[in-house]
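Taking it in order: structure first as structure tokens, then the write-up.
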Amino acid sequence: MSVNSTSAERLLDTKALRRTFGTFATGVTVVTVGGATPHAMTANSFTAVSLDPPLVLVCVGHKAVMHHALDAGLFGVSVLTAGQERIARHFADTSRPLGAAQFEDVDTDAGPLTGAPLIAGALARFECETWNTCDGGDHSIFLGRVLSMDRPGADHDEALLFYQGRFHRLEPGRNEVQT
């Protein structure tokens, strides 16, 4: 089987690849670390991996400040509500201040187990310890074992989504999945 050269050329076009990846809607999270130099970043590459043990993953670019910050081994993840787009944009802005100053205008709670700043009012929040790290090309895949979780914004039940390069809202609807 041969690969179509046009398809291969399109894969080398990173803008086209990014637009194609963007057809998959994702939730929006803020990944955080605490400690002497707290840090945060907006991430849409987050997902549940396993129930036993409870594992999640987040992908972080090798050049991102967060990549090195995750060496501490403990991190938080806050799943944002539709009303928290401003927070998502803030932590995606590479010109924001670093360290504790980046949290000055954002309401957070210190995670009781990790000390990682968790976004107040988020749909869900997780505290994790790094369980494993895998190579993912220009990113690393950080697998985190969930240490704690809560759902402070569950009453709002409106998620912030990222789709085709823009933020969107997910309105709650009828649940078709039996849980």
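If we only count strands (runs of 3 or more DSSP E) wholly inside the range 29-89, which ones have 3 or more residues that are open to solvent by 30 Å² or more (accessible area, probe 1.4 Å)?
46-51, 54-61
One residue stands out among those in the range 159-176 that are part of a loop (DSSP other than H, G, I, E, B) and either open to solvent by 60 Å² or more (accessible area, probe 1.4 Å) or out of contact with any Gly (no Cβ under 7 Å at 6 or more places or on another chain) (or both): the one that is modelled with the highest pLDDT, which is GLN164.
Among the residues in the range 143-158, are any of a type in the set (Gly, Ala, Ser), at pLDDT 95 or above, under 15 Å from the mean Cα position of the chain (by Cα) and more than 30 Å from ALA16 (Cα to Cα)? Scanning the range 143-158, I find at least one residue that is of a type in the set (Gly, Ala, Ser), at pLDDT 95 or above, under 15 Å from the mean Cα position of the chain (by Cα) and more than 30 Å from ALA16 (Cα to Cα), so the answer is yes.
For the structure I just gave you, tell me whether GLY121 is out of contact with any strand residue (DSSP E or B) (no Cβ under 6 Å at 6 or more places or on another chain) and at pLDDT 95 or above. No, not satisfied.
Of everything in the range 12-28 that's among the aliphatic types (A, V, I, L, M) and either at pLDDT 80 or above or in a strand (DSSP E or B) (or both), which residue is nearest to the chain's Cα centre (by Cα)? Across the range 12-28, the extreme among qualifying residues is VAL28.
The values are calculated or read from the model by the stated rules, or taken from the named source; none is laboratory data. Since we're looking at a predicted model, the values are computed, not measured. Cβ atoms come from the backbone with ideal geometry, glycine included; neighbour counts cover every protein chain shown. The accessibility values were calculated without ligands, DNA or RNA, using every heavy atom of the protein model including side chains. Shrake-Rupley method; radii C 1.70, N 1.55, O 1.52, S 1.80 Å.
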